[in-house]
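Worksheet for the structure shown next.
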Amino acid sequence: MTVVSLTVALLTPTPAIAFGGEDAYGGAEKNEISASASQSRIKVTQAAGPTGGKQGTVSSTDVNWEPPPCWYEPIFTPEQLKNFSENDGNGDVALRQGWIGSKLWTDHFKDEKDAPNYFGTPRTAKGYKNYNLGKDGYFWRGVSTNVSEVDDTSLCSRLMFWQDAGEIPDDPNAPTPKTLADYAYNKVKVPETEVALKPAAKSTVNLPTWVWLDKGTFQEVKVRADLPGTGLWAETTAKPVALHLEPGTKDAEVFPASGDCQINDDGSIGTPYTKGNADKTPPCGIRYLRATNGTPYQLSASVTWQITWQGSGGTGGNLPDGTFETTQDMNVQEIQSINR
C-alpha cells in the first residue's frame, strides 16, 4: 500500500501554521521550498557607473518612502509547471500558502480540481486542465522580498493563476515599470565617500581644513531591472548632487555654514588647497576650535544622490533622494604658529 503525504502550509507574518502531517514546513524563512514566494525573478544589471572599489547602498532621505511590499510575477510556463508538479511538488502556490506533495499540484493544475485559497479572493480557485499545455502564457503568483513584513494578508494572495502571453494581470498588485524602478532603488551601489583633506595628517585649531573631491570621483550610477515574460523594464539612475560635512564635534565650524558643499559644473566638489591659502576660508571645509587630545573626531562625509527613473512605455519620474555616508578620523593639534 502506498501512502501519499499531502501538506498545505499557510505562510503568515508569524511562523506558518501547517496542516497534513510530518512533512509540513514551519515558515518561508526556512528556505525549505523550491518555488519560494520570497525569491523575485526580476533581473538587475548595472547599466552605467563604476563597478570597482568599496561601495554601498543609499538610504532614502524620505523616511516614509518604502518600495511595494509585494507584487505578482510570472513563475511557470505550462511545461515548467508540469515538470515541477510531477517531479518536485514542494513550493508556494500563493504568497502565504505552500503546498508539499505532488498530488496537491497535479489535482489542481492537471486534473481540474478546485483548491481553497485561505487568504485571497476568490476563496476557491478553479482548477486547470493538464497545466494549460499548448497555450501561450504563464502561471503567475505573488512575490515579496520579505513576506513577514506584508501586514495586509489580502495583498498578492491569489493562488497561482494563468495569464495569456503578452498580458499583464488586471490587478492592483500587478507589476508596473514603477514597481521595477522601486525594486532597483535598493540595488543601486554607489562608491564610498573619501574626501581629500589639507592638511591631511593633522588639522590645527583655528586654522581651516580644506575639503574637496576631484572631478571624476563621482559618476552617475544606473541600474536596470527587467521582469522576464512581461516586457516591463525600468532604469533607476543615481546622480551625485551635494556633499554634506559633519565635523564630529560641536567645537567646530563648517564651510559653508550649512555643511552642504555643492558639486561644481565639472563634477568636482570644493576647491583643492594651494600654497598660500592657509588663512583663507575654503568654499568647502572645516575649522576645528578644540584639539582632540588623543581621541580623533569622526568626520562624516555624506553624498546626496538624486534618484530618477525611466521605464517601458515611456514612463518615468523621480524617486526620493538617497544618501551614503562614510566617516574618517580627524586628529586636531593646538600650536601657536604653523607654516604650510
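Readers should treat all values here as calculations from the given coordinates under stated rules, not as data from a laboratory. All of these numbers come straight from a predicted model, not from anything done at the bench. Backbone-built Cβ (ideal geometry, glycine too); neighbour counts: all protein chains shown.
Based on alpha-carbon atoms, the Kirkwood radius and the radius of gyration of segment 69-172 give Rg/Rh equal to 0.94. Using C-alpha pairs below 8 Å separated by at least 6 residues, the relative contact order for the chain is 19 percent. The aspartates and glutamates whose alpha-carbon is closer than 15 Å to the alpha-carbon of K198, local same-chain residues fewer than 8 away aside, are D214, D279, D329.
Listed peptides 96-105, 54-63 appear in the order 96-105, 54-63 once ranked by packing, highest mean of other Cβ atoms within 10 Å at the front.
The distance linking segment 46-97 with segment 155-189 is 10 Å (Cα centroid to Cα centroid, whole angstrom).
On average over all directions, what projected area in square nanometres does segment 170-268 have, based on the convex hull of its Cα atoms?
Details: hull surface 38.8 nm².
Averaged projected area of segment 170-268's Cα convex hull equals 9.7 nm².
Compared with the alpha-carbon gap, the fully stretched path from A200 to T281 is longer by 27.5 nm at 0.36 nm per residue. The protection proxy used here, the mean number of other Cβ atoms lying within 10 Å of each residue, ranks peptides 135-143, 276-284 as follows, highest first: 135-143, 276-284. Its alpha carbons give segment 142-195 an Rg and a Dmax of 15.9, 54 Å. Rg and Dmax, both from the Cα atoms of the chain and both in Å, are 27.6, 96. The value for segment 189-333 of Rg(Cα) / (2.2 N^0.38 Å) is 1.28.
Under the rule of -39500 (n - 2.57) per DSSP H run of 4 or more residues, summed and divided by the residues of the chain, what mean residue ellipticity at 222 nm is obtained, to the nearest 500 deg cm²/dmol?
On the way: 3 runs with 27 residues, N = 340.
Per the formula, -2000 deg cm²/dmol.
Once both labels are positioned 7 Å from their Cα atoms along Cα-to-Cβ, the gap between S148 and D329 label points is 3.8 nm.
Here the Karplus curve 6.51 cos²θ - 1.76 cosθ + 1.60, taken at θ = phi - 60°, turns the phi angles of segment 246-253 into couplings of 10, x, x, 7, 6, 8, 7, 10 Hz, with x standing for Gly and Pro.
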